[in-house]
Every structure is written in C-alpha cells, then in structure tokens.
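The block underneath contains the structure these notes are about, expressed in structure tokens.
The values are calculated or read from the model by the stated rules, or taken from the named source; none is laboratory data. Everything numeric here is computed off the predicted structure, so don't read it as measured data. Don't worry about glycine lacking a Cβ; one is built from the backbone with ideal geometry, like all the others, and counts go over all protein chains shown. Ligands, DNA and RNA are excluded from the accessible area calculation, which covers all protein heavy atoms including side chains. Shrake-Rupley method; radii C 1.70, N 1.55, O 1.52, S 1.80 Å.
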Amino acid sequence: METAAINKDISEKPMVLEETGAPIAKGIFWPAVITVISLILFMIVFEVEAKKAISIIFSYCTDQLGFLYIWFGIFALVVCLWMGFGKYGDIRLGGPDAKPEFSRWSWIAMFFCSGVGTSLIFWSSIEWSYYYGAPPFGIEKNTQAAAEWAGMYGIFHWGPSGWAIYLLSAFPIGYAYYNRKMTGLRLSTACSGIIGEKRALGMVGKIIDILMIFGLVGGTGTTLAAGTPMLAEAICQMFGLTHTPGVDLMVVVIWTAIFTISVTLGLKRGIKILSDINVVAVFFLCAIIFVLGPTFFMVNVFTDSMGLLATNYARMALYTDPIRRSMFPQWWTIFYWAWWVAYGPYMGIFIARISKGRTFRDLTSTVILAGSGGCALFFLIFGNNAMHAELNDIFPVIEVMKNQSPSAAIIGVLMQMPMKWLILPLFIFVGFVYSGTTVDSSAYALATVSSEDMKEGQEPVLFNRGFWAVALGGIALVLMKIGGLGPLKTASLVVSVPLIFLMIISVFSLLKWLRYDYSHLHQPRRLESDAEKEAAQNI
Ligand code: NM2
C-alpha cells in the first residue's frame, strides 16, 4: 500500500529504549512550578477578591462565550470521526510496522482510568437529581417527563462529545512524537506545524505548556474535590465515625500516597498495574450493585435513555437556551465541556503516549466507544439505582442532599442495599484506586511536559514524576484547609478558553503535516483503464 510505504519512510529511526529517565526541562519545570505556586498563594492571600474575580470571569466565559464550548464539542466529535474514518484512518502511530506497546485490555483500562476518576461515581449517582428538580427545555420539574430526561442527560455529558475532546489532541501530539520523531510529548510541539518550531521551542511554547499544566492542576483539584467528601463519608459510615474535616484530610493523604507510589513506579509497573486492578474492582462493584439492585428498572430506564439520547443528540449538543435563559446549558453542558477541555491536552498527551502501534481508526472507535460506554455503565447502575430509591420511597435522596450533603445521599442509597458489608469496603477501595489512577497519570503527564528531549520508550526522571504527584496532593490539601478547592476548580475552567484555541491550532498543525507527508492522497488519482477514462469524460 502506498500509504504504508510513505508511513514507513517518515518513521525510519529505530526505536530507542533508554535506560535512564528524560532529564528535567528547566525552562518549563521551574516557570511552571513558580506560576502554579504563585497563583495558589495569591488565591490564599487574596481569597475573597480572587474568588470574586474568578467567578465573574467564569460566568462571563460560560454565559457569553458559552457558544465557543458548544461549537468546540461539535468540532472535536466531527474531527475525531473524520480522523478515524476519513482518508487518514489507516495511519498508525509509530509507522505501519509499529506494534502496540500495551494489550488492548490494558490500553482501554489505562485511558479510561486516567480520563475519569471517582467523580464519575459521584456524579453518576446524583446528577439525575439536579435535572429532575430543574429540567431542560422548559419541562416541568419533578414530573415523569423530568425523570426520563434526568436518567439520560448525564450519559450525554459523559459521552461521545467529551471523549472526543479528550482524544482530539492525541492525534497531533502522537503523530508529532511517533511519526515525525519530534522530541517532547507536548501541546506546544503539536502546535509547531502552525506556530513554527522556533516559537514552539521559545516563549510561546512555554506559555502554551504552562497553560496546559495549570488547566490540569485545576482539573485534578476538581476531581479530588468531588471524591474526597464522598470517600470520607463512606469511611465514616463503615467505622461509625463523625465526618469531620480531619477525615477529609486523611483521604487526601492516602490518595497522595497511592498515586505517588504508582507514578514513581512508572508507566508499566505502576500506572498500568493500578489501572488493571481498578477496572476489575470497578466491574465487580458494578456487577454487585447491578444484581442486588433494581436490575430491570435500571435496564429499562437505560434503554429508554438510549432512545432519548439518540433522537436528541444534536438538540442537546447545540442547546444554549438563549430565549428562556434557564441557564441549564451554562451550568451543566458548558461547565462539563470546560472541564473536559481542562483535562484535554493532558489526555491528548497520555493517550498519545500509550497508543503507539494503534491506527487513527482504532483510536477514534475504541476511545470514543469504550470511553462513553464505560461512563454510561455507571449511569445505568449508580444513577438508576439511586433514582429508583427516590421514586419508590426507599431512600429520600433529594432531601438528604438538601439537608446533609450529596456524599451522605450517595452512601445512604448504598446503605439500603443487601450485602452492604461487602459493598461499602469495595466502594472505598474503588474510590481510592479510581482517582489514584487519574491523578497518577496526571502527574505522569505533567512530568512528561516538563522533561527535556524525551525519547521513545523513555520516562521522565523519578524526581520529576514524584514531585508532581506530591505537589498535586499538597495543593489539594492546602486548598482544602483554607476552605475548599472551588476557586482552583473555577480557575482551571477559565484557562480552558485559551486551551480550546490551542487544541484547534494543534489539529491544523496535524493537517499541515499530513498534507505534506501524504501528498499523494491529495493528487488526483491516475485513471488506469480506458473504461475509467471514458467514464470520467462522461461525468
Ligand atoms: N470529566 C470527564 O474526576 C474525573 O472524573 C475527571 C471528569 C472531565 C468530566 C474527569
């Protein structure tokens, strides 16, 4: 195949498996550390002002600029589908002969566990209750119609558009690294086709990577913020303790220990193994709740949700509610897209790193299908189980959420189930490991971005990996102590506005490279037979 031959040409350099880690890129590492620390210090010292300023900017971004996120969600999905199923679908990261580094199972486990964490359990359990009480499209609240939409909307927010945002920059980042043999798995490198290599290596590149780092630090904060009280509540229920801030702190400390160990062990001995364990434990937990819970209700609601989702995808994907101004899309869809974007370049780096030997088609079909399918499974089980408890007066989810906390409601539902002696400890285990696998890969990606000249097969040096893991835990601890991860979360979402443009630039860079590297695909096809020539003349 011609495509294959050219693919080989541009990937002739043999794979080098380095023994030592890639050194720290001081020009990125220190400015990133200093920027992140000064911003956090600033938020601590000027807490009130910072909160106010950030929330004004955030409302502006979601409200006035909301359409940007909405169109970006469409853009990401269309581009990923075209990459996978268009003329470049056969391109393989690493060239036509590259073999996958990880088995399909581990590959899926890794991108799934790095892309979503304990927040998936949190939100899948209670997201429906918000939609039930304040539904979209002018539907009356707390009605049967509201419940139908409530069971489905979360699946949309954790579905194909989100996973496409995650996958989008994996194409340019992976192609630059594995096929064009550029050193550095970075967003700046992936943008270099458009902004030029000199700028990518200079100041502009550094700003791009620092923005990406800040988005990710904040995104991780959001993850830990959602998971911490829920896990702390589960621990308190199990051991009969009172839920105090001390238990929250303990959760973060245990988490930090888990992801620091995992990331310092490296990609193959740490992150991969933890992800494999996580997927098995998660499936086990889901299976128990599925069997012991209202199985037929769950499956029936899910089936109905699939119909609603399929018929209304475009409506939801483009919903801005400009006339009624219920703020539903701003508070939900746009907030979610911003959160996916904050994680986007990191997931681009991480998916690219683990996808050597995979074709563009494989990337699109597997990441989008397995990612959305995996998330939908949580809504099927955790969401519908909780909704069933509310609608059938088994447990007053909404009341507990209002009077106590969402975490108390989530654990309260599980406490109504048979075999809670098994469910609760398993839930705690999964909770810890699940965000452990998200944050270890975040730390890995941060270390990758701040590494110099990282060759294929090489990992960032140990210090770099360990540093980011401890830093992520430390930041969460400090912020929780001064009253919540809220401002950091919002700040990270504000950073997602420039990230949208950078991710678009990286896609155009890739297109430029592909047009150059596969120019034969753009020339008119030579007409071979006389019959073909004749047919062409008759058109
Ligand atoms: N997303 C997928 O904590 C997490 O699950 C991280 C959340 C962006 C909504 C990702």
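If R₀ is 22 angstrom, what is the calculated FRET efficiency for the pair Thr143 and Asp304, using the beta carbon separation as r and rounding to 0.05? Spell out each step's value before the answer.
Numbers: r = 15 Å, r/R0 = 0.69.
The formula returns an efficiency of 0.90 here.
Measure nothing but the geometry: give the 0 to 90° angle between the long axis through the Cα atoms of 203-239 and the longest principal axis through the Cα atoms of the chain, rounded to 10°.
Long axis of 203-239 versus the principal axis of the chain: about 30 degrees.
Contact order normalised by length for the chain, with contacts defined as Cα pairs under 8 Å and 6 or more residues apart; what percent is it?
35 percent
Could you give the accessible area per residue of the stretch 2-538, probe 1.4 Å, as a whole number in Å²?
On the way: 21290 Å² over 537 residues.
Ligands and nucleic acids excluded, the result is 40 Å² per residue.
Using alpha carbons only, how many angstrom separate the centre of the stretch 61-84 from the centre of the stretch 278-320?
First find each Cα centre; the distance between them is then 24 Å.
Once the Cβ-Cβ distance between Asn403 and Ala287 is put in as r, and R0 is 35 Å, what FRET efficiency do you end up with, to the nearest 0.05?
Values: r = 32 Å, r/R0 = 0.91.
Rounded to the nearest 0.05, the efficiency is 0.65.
Hey, what angle do you get for helix 245-265 against the long axis of the chain, alpha-carbon based, 0 to 90 degrees rounded to 10?
30 degrees
May I ask you to give the percent of accessible area on the stretch 343-389 that is carbon plus sulfur, with a probe radius of 1.4 Å?
On the way: 490 of 710 Å².
Of the solvent-accessible surface of the stretch 343-389, carbon and sulfur hold 69 percent.
For the stretch 2-538, with the dipole built from +1 on Lys and Arg beta-carbon atoms and -1 on Asp and Glu ones, taken about the Cα centre, which of Ile74, Tyr88, Thr223 lies farthest toward the positive end?
Final value for the positive-end residue is Tyr88.
Among 204-217, 385-398, what's the highest-first ranking by average C-beta atoms within 10 angstrom per residue?
Highest-to-lowest ranking by the protection proxy: 204-217, 385-398.
Dipole magnitude of the stretch 87-219 about its Cα centre, charges +1 at Lys/Arg Cβ and -1 at Asp/Glu Cβ only, in debye to the nearest 20? Each step should come with its number before you reach the end.
Values: 11 positive and 8 negative charges, 132 e Å.
That gives the stretch 87-219 a dipole magnitude of about 640 debye.
If we count every other residue with Cβ under 15 angstrom of Leu363's Cβ, Lys/Arg +1 and Asp/Glu -1, where does the sum land?
Summing Lys/Arg as +1 and Asp/Glu as -1 gives +3.
Treat every Asp and Glu Cβ in the stretch 2-538 as -1 and every Lys and Arg Cβ as +1, leave all other atoms uncharged, and give the resulting dipole magnitude about the Cα centre to the nearest 20 debye.
On the way: 37 positive and 35 negative charges, 169 e Å.
Its charge dipole is roughly 820 debye.
In nm, give the distance between the simple-model label positions of Phe67 and Leu462, each being 7 Å from the Cα along the Cα-to-Cβ direction.
For the pair Phe67/Leu462, the computed spacing is 5.5 nm.
If R₀ is 35 angstrom, what is the calculated FRET efficiency for the pair Trp30 and Tyr516, using the beta carbon separation as r and rounding to 0.05? Walk me through the intermediate numbers first.
On the way: r = 35 Å, r/R0 = 1.00.
Once the sixth-power term is evaluated, E becomes 0.50.
Just to confirm a number: summing +1 for Lys and Arg and -1 for Asp and Glu over residues other than Ala25 whose beta-carbon lies under 10 angstrom from that of Ala25, what do you get? Mind showing how you got there, number by number?
Values: positive: Lys26, Arg186, Lys206; negative: Asp209, Glu452, Asp453.
Surrounding charge for Ala25 is 0.
Which length gain, in nm to one decimal place, applies between Arg269 and Leu318 when the Cα-Cα distance is subtracted from 0.36 nm times their residue separation? Intermediate values should be presented prior to the final figure.
On the way: separation 49, 0.36 × 49 = 17.64 nm, distance 4.26 nm.
That works out to 13.4 nm of additional length.
Where does each of 44-57, 272-285, 413-426 land if you order them by average Cβ count within 10 Å, highest first? Numbers along the way, then the final one.
Values: 44-57: 13.7, 272-285: 19.6, 413-426: 15.8.
By packing density, highest mean first, the sequence is 272-285, 413-426, 44-57.
Relative to the present Cα-Cα distance, how much length would full extension add between Thr295 and Lys52 at 0.36 nm per residue of separation?
On the way: separation 243, 0.36 × 243 = 87.48 nm, distance 4.55 nm.
Once the chain is fully extended between Thr295 and Lys52, it gains 82.9 nm.
Search the structure for amide H atoms under 5 Å from the amide H of Ala25, placed 1.01 Å from N in the peptide plane, and list their residues when 5 or more places away or on another chain.
Ser451, Glu452
What length, rounded to one decimal in nm, is gained on full extension from Ile44 through to Ile394, with 0.36 nm per residue of separation minus their alpha-carbon distance?
Values: separation 350, 0.36 × 350 = 126.00 nm, distance 4.27 nm.
Stretched out fully, the Ile44 to Ile394 stretch lengthens by 121.7 nm.
For labels at Thr244 and Trp82 in the simple 7 Å Cα→Cβ model, what's the distance in nm?
Between Thr244 and Trp82, the simple spin-label model gives 5.8 nm.
When you count, for each residue, the other Cβ atoms within 10 Å and take the mean per peptide, how do 160-171, 503-514, 350-361 rank with the highest first? Walk me through the intermediate numbers first.
Numbers: 160-171: 28.5, 503-514: 20.9, 350-361: 23.9.
Ranked by mean Cβ neighbours within 10 Å, highest first: 160-171, 350-361, 503-514.
Tell me, what % of the accessible area of the stretch 81-197 is carbon and sulfur with a 1.4 angstrom probe? Present the calculation step by step, with values, prior to reporting the outcome.
Values: 1750 of 3270 Å².
Here it works out to 54 percent.
With axes computed from alpha carbons, what is the tilt in degrees of helix 462-481 against the longest principal axis of the chain, rounded to the nearest 10 within 0 to 90?
The two axes meet at around 30 degrees.
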